[in-house]
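Report on the structure given below.
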Amino acid sequence: MSIAVCLGGLKLKNPVLVASGTFGYTEEFKGFVDLNKIGAVISKTITLEPRQGNAPPRVVETPSGMLNSIGLENDGVKHFIVEKLPFLRKLKTQVIASIAGARAAEYAELAKRLDAAGVLAVELNLSCPNLKSHQSPVIPWRAQASHQKNNQLISQDKKATYGVVKAARKMTKGVIIAKLTPNVTDIAEIAKAAEDAGADSVSLVNTFLAMSIDVNSRRPKLGNITGGLSGPAIKPIALRMVWEAAQKVKIPVIGIGGIMTAEDALEFIIAGATAVEVGTANFINPRVSIEIIEGIKGYIRKHKISNIKNLIGSIEIQ
Amino acid sequence: MFCVKVKIISNKKIGQKYFKIRLEAPKIAGEALPGQFVMARISDDYEPLLRRPFSIHRVIGKEIEIFYEIKGKGTEILSKKKAGEYLDVIGPLGNGFDLRRAKGEGRRAIIVAGGMGVAPLTFLAEKLRSIEPRISNFEIAVLLGARTKEQVSCEKEFKNLGCDVKIATDDGSHGFKGRITELLEEILATGYTLTGTGRLYPYGHKQATGKNKKQLAACSLQPAAVVYACGPKPMLKEITRLAECYHIPAWVSLEEYMACGFGACLGCVVQTKNGYKYVCKEGPVFNTEELLP
Ligand SMILES: Cc1cc2nc3c(=O)[nH]c(=O)nc-3n(C[C@H](O)[C@H](O)[C@H](O)COP(=O)(O)OP(=O)(O)OC[C@H]3O[C@@H](n4cnc5c(N)ncnc54)[C@H](O)[C@@H]3O)c2cc1C
Ligand SMILES: Cc1cc2nc3c(=O)[nH]c(=O)nc-3n(C[C@H](O)[C@H](O)[C@H](O)COP(=O)(O)O)c2cc1C
């Protein structure tokens, strides 16, 4: 019985990862879980320069979900390498750095520096919907499209996705995972663009652009007005998108969105995901990733599946 | 910091919308400091999804007590829980009140509570009493503010601790009619170091209205009192102003929406003079010097 999987050249002892931005820099969880048991840990998204993030309130609860508008707050890549990486290096699990930039060259630069620092894999966050346009135009060359107010996301556009993945590909020998936004019409074609540009894997989904209003004050509940929806509320949509993407690309797909239990994770795997990332659930139950791993093992045993690879994409459709 | 399922010892209604829940939580009780909080998972289901933050109201041996008000669906569900059931809590979380400046001969603490803000302050008063039990003139003044008499909580508890309790209600149904910060300003303005006896001036003293600059300057050389506060935002803003105006060290406990409570989500920021700080980890208690006016 094996539940080990591979994302390109990255070997994972099990298919359960923790999603960027929901596990801090991992150290925050050391009192709760045996970190070495997790398939891989993904850092909070890092940028070249420090970012102070959006104005509060930054989180608000919605039915079976939550909105966040953190705004990519982080201390920059240098700080990450000097202050956070030493702890991560000591872990006996794979470490993936999530990175984001304002343009392709920034992703490339980040990929290069992390490769040099010995990080084996990067996840390109091509999908942060929270940035204010004046803070950091995500795709500056598209700014002319006036009605889009310059806040389109990289992975809302095939060409931009291709360009960023390609630029990063040139700068690192490490594994590249392209993380996609679900705020698109056809996520499979974006996944394909990432594959064509040389990504080793695609992960989806990031949060859904959403909002919430306090009817008494008539004010938006988030300081940033809009934010990203995550949690169980998004799971069925995320699952459908993962299923669509998995049919289109040959590289491994990582399923993300509202995973709270082993059964949720198994749904994604059966739909075609090679691995899953657990996000919001970490806040509610910091041990959840380990419980999901145990649950997957139990399922595999019960159904006498010799290798989890036989389960991936095993959805039965007449 | 522990993530534990703890047994509910009791969950009692106090007044109309207030409850006190007692939990058998030896690990948390053993480490808890006044001003720290716990994150309670209200439901095993997804409604509500996120944990809810609650201050540690008291520590009694191996038990902790939470004092809460029904605000929405989470606290509503919590209020229905019965003794013998279990509650999943993470804690103790946050920094807690800085007690160093309150220690020492001739020092005194002024505790200011607005409404539910009283929750973490009983534990604080108990702790202050226990660290300075032998200093006879160590005085703890407690100013309790609420909308009406019914909403004044913990008066007895503070009195039993030998605190000098003063009350202010918006409607005047109990104690002073007006805001609790007006009472605080009276105390500060009448000169907290000027008495030398460790006694506070009686409220309504003639000097109360005079804000004699020289007196204030004299006080500021040796502030003998420390202010600790928790309550609604406007109250804490006013205390921040008063602390600066009267050169008195003050710590306030802030609230912000949070998803995790232990520094992972980066959701609960508050703007300070030194940029954003996390209420859950760098707070919830902040020195007012750090806060924006
Ligand atoms: C560090 C900290 C300590 C706290 N200690 C106590 C305490 O000891 N006793 C107590 O009664 N309350 C305390 N609160 C507030 C308490 O967490 C909220 O009242 C509670 O989460 C409301 O949950 P609900 O589901 O009943 O209400 P909801 O339906 O979620 O919301 C009702 C209202 O409660 C407020 N609220 C909701 N969530 C939060 C939150 N995370 N932080 C602040 N306000 C919120 C909002 O104003 C909201 O409109 C504390 C908050 C913080 C941040
Ligand atoms: C508070 C919060 C912060 C997040 N920060 C990031 C981030 O920095 N980078 C990123 O790629 N995704 C970030 N995400 C998105 C998650 O990684 C994940 O894609 C999304 O929440 C959906 O999964 P979930 O429903 O399991 O949470 C964040 C999500 C939340 C809730």
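Sort out which residues of the range A:1-48 are charged (D, E, K, R) and at pLDDT 95 or above, and write them in order of number.
Selection gives A:K11, A:K13, A:D34, A:K37, A:K44.
Can you find, within the range B:16-30, the residue that is nearest to ligand 2 (Cβ to nearest atom) among those that are under 30 Å from A:M260 (Cα atoms) and not hydrophobic (A, V, I, L, M, F, W, C)?
Within the range B:16-30, the match that is nearest to ligand 2 (Cβ to nearest atom) is B:K27.
Any idea which of (1) within 16 Å of ligand 1 (Cβ to nearest atom); (2) within 14 Å of another protein chain (Cβ to nearest Cβ); (3) touching an Asp or Glu at 6+ places or on another chain (Cβ under 6 Å) is the one B:R51 doesn't satisfy?
It is condition (3) that B:R51 fails.
Just to be sure I understand, how many residues within the range B:249-293 are more than 14 Å from every other protein chain (Cβ to nearest Cβ) and buried (at least 24 other Cβ atoms within 10 Å of the Cβ)?
The number of residues fulfilling the criteria is 5.
Cβ contacts < 7 Å: first residue on the phi > 0 side of the Ramachandran plot and assigned to a strand (DSSP E or B), restricted to the range A:206-217; second residue open to solvent by 90 Å² or more (accessible area, probe 1.4 Å) and within 11 Å of ligand 1 (Cβ to nearest atom), any location; separation 6+ or different chain. Result?
Matching pairs, first to second residue: none at all.
Quick check, is B:Y68 open to solvent by 20 Å² or more (accessible area, probe 1.4 Å), within 24 Å of B:C3 (Cα to Cα), away from ligand 2 (no atom under 16 Å from the Cβ) and hydroxyl-bearing (S, T, Y)?
When the stated conditions are applied, B:Y68 does not pass them.
Can you name the number of the only condition in (1) in contact (Cβ under 8 Å) with a residue 40 or more places away in the chain; (2) on the phi > 0 side of the Ramachandran plot that B:R51 fails?
Among (1) in contact (Cβ under 8 Å) with a residue 40 or more places away in the chain; (2) on the phi > 0 side of the Ramachandran plot, B:R51 violates only (2).
In the range A:230-253, what residues are open to solvent by less than 20 Å² (accessible area, probe 1.4 Å) and away from ligand 2 (no atom under 13 Å from the Cβ)?
A:A245, A:V249, A:V253
Does A:V278 count as aliphatic (A, V, I, L, M), touching a helix residue (DSSP H, G or I) at 6+ places or on another chain (Cβ under 6 Å) and closer than 18 Å to A:M66 by Cα?
yes
Quick one: would you say A:I256 is of a type in the set (V, I, T), in contact (Cβ under 8 Å) with a residue 60 or more places away in the chain, surrounded by 22 or more Cβ atoms within 10 Å (Cβ to Cβ) and away from ligand 1 (no atom under 16 Å from the Cβ)?
Here the answer is yes, as A:I256 does meet what is asked.
Go through the range A:261-287 and count every residue that is in a loop (DSSP other than H, G, I, E, B), away from ligand 1 (no atom under 16 Å from the Cβ) and within 14 Å of another protein chain (Cβ to nearest Cβ).
Counting residues in the range A:261-287 that are in a loop (DSSP other than H, G, I, E, B), away from ligand 1 (no atom under 16 Å from the Cβ) and within 14 Å of another protein chain (Cβ to nearest Cβ) gives 5.
What do you reckon, is A:I315 open to solvent by 60 Å² or more (accessible area, probe 1.4 Å), touching a residue at least 24 places away in the same chain (Cβ under 8 Å), part of a loop (DSSP other than H, G, I, E, B) and away from chain B (no Cβ under 14 Å)?
Against the criterion (open to solvent by 60 Å² or more (accessible area, probe 1.4 Å), touching a residue at least 24 places away in the same chain (Cβ under 8 Å), part of a loop (DSSP other than H, G, I, E, B) and away from chain B (no Cβ under 14 Å)), A:I315 qualifies.
Give the residue that is nearest to the other protein chains (Cβ to nearest Cβ), with candidates limited to residues of the range A:176-213 that are more than 16 Å from ligand 2 (Cβ to nearest atom) and more than 15 Å from A:D157 (Cβ to Cβ).
Among those residues, the one meeting the criterion is A:I213.
Looking only at residues in the range B:249-290 that are more than 17 Å from the chain's Cα centre (by Cα) and aliphatic (A, V, I, L, M), which one is nearest to A:T26 (Cα to Cα)?
B:A264
Quick check on my filter: what residues within the range B:235-285 are in contact with a helix residue (DSSP H, G or I) (Cβ under 7 Å, 6 or more places away or on another chain) and within 15 Å of ligand 2 (Cβ to nearest atom)?
The answer is B:A259, B:C260, B:F262, B:G263, B:A264, B:C265.
Looking only at the range B:166-190, how many residues end up being surrounded by fewer than 21 Cβ atoms within 10 Å (Cβ to Cβ), not in a helix (DSSP H, G or I) and not aromatic (F, W, Y)?
Counting residues in the range B:166-190 that are surrounded by fewer than 21 Cβ atoms within 10 Å (Cβ to Cβ), not in a helix (DSSP H, G or I) and not aromatic (F, W, Y) gives 9.
Exactly one of (1) open to solvent by less than 20 Å² (accessible area, probe 1.4 Å); (2) within 16 Å of ligand 2 (Cβ to nearest atom) is unmet by B:Y46. Its number?
(1)
Restricting attention to the range B:25-35, does a residue exist that is near ligand 1 (Cβ under 10 Å from one of its atoms) and either within 21 Å of B:G117 (Cα to Cα) or open to solvent by 20 Å² or more (accessible area, probe 1.4 Å) (or both)?
yes
Name every residue in the range A:12-26 that is part of a strand (DSSP E or B) and more than 14 Å from every other protein chain (Cβ to nearest Cβ), in order of residue number.
A:L12, A:V16, A:L17
Which pairs do you get when a residue that is on the phi > 0 side of the Ramachandran plot and in contact (Cβ under 8 Å) with a residue 60 or more places away in the chain, found in the range B:260-273, comes within reach of a residue that is assigned to a loop (DSSP other than H, G, I, E, B) and within 12 Å of ligand 1 (Cβ to nearest atom), reach meaning Cβ atoms under 7 angstrom, with the pair 6+ apart or on two chains?
As it stands, the answer is B:G261/B:R51; B:G261/B:C280, since those pairs meet every condition given.
Can you work out which of the residues in the range A:26-76 that are within 19 Å of B:C260 (Cα to Cα), open to solvent by less than 10 Å² (accessible area, probe 1.4 Å) and of a type in the set (G, A, S) is farthest from ligand 1 (Cβ to nearest atom)?
For the range A:26-76, the residue satisfying everything is A:S43.
Looking at (1) closer than 30 Å to B:V270 by Cα; (2) buried (at least 24 other Cβ atoms within 10 Å of the Cβ); (3) modelled with pLDDT of 95 or more; (4) under 18 Å from the mean Cα position of the chain (by Cα), which one does A:G227 not meet, given that it meets all the others?
Failed condition: (3).
The values are calculated or read from the model by the stated rules, or taken from the named source; none is laboratory data. What you see is a predicted model; the values in this text were computed from it and never measured. Cβ atoms come from the backbone with ideal geometry, glycine included; neighbour counts cover every protein chain shown. Keep in mind that these areas ignore ligands, DNA and RNA; they rest on the heavy atoms of the full protein, side chains included. Shrake-Rupley method; radii C 1.70, N 1.55, O 1.52, S 1.80 Å.
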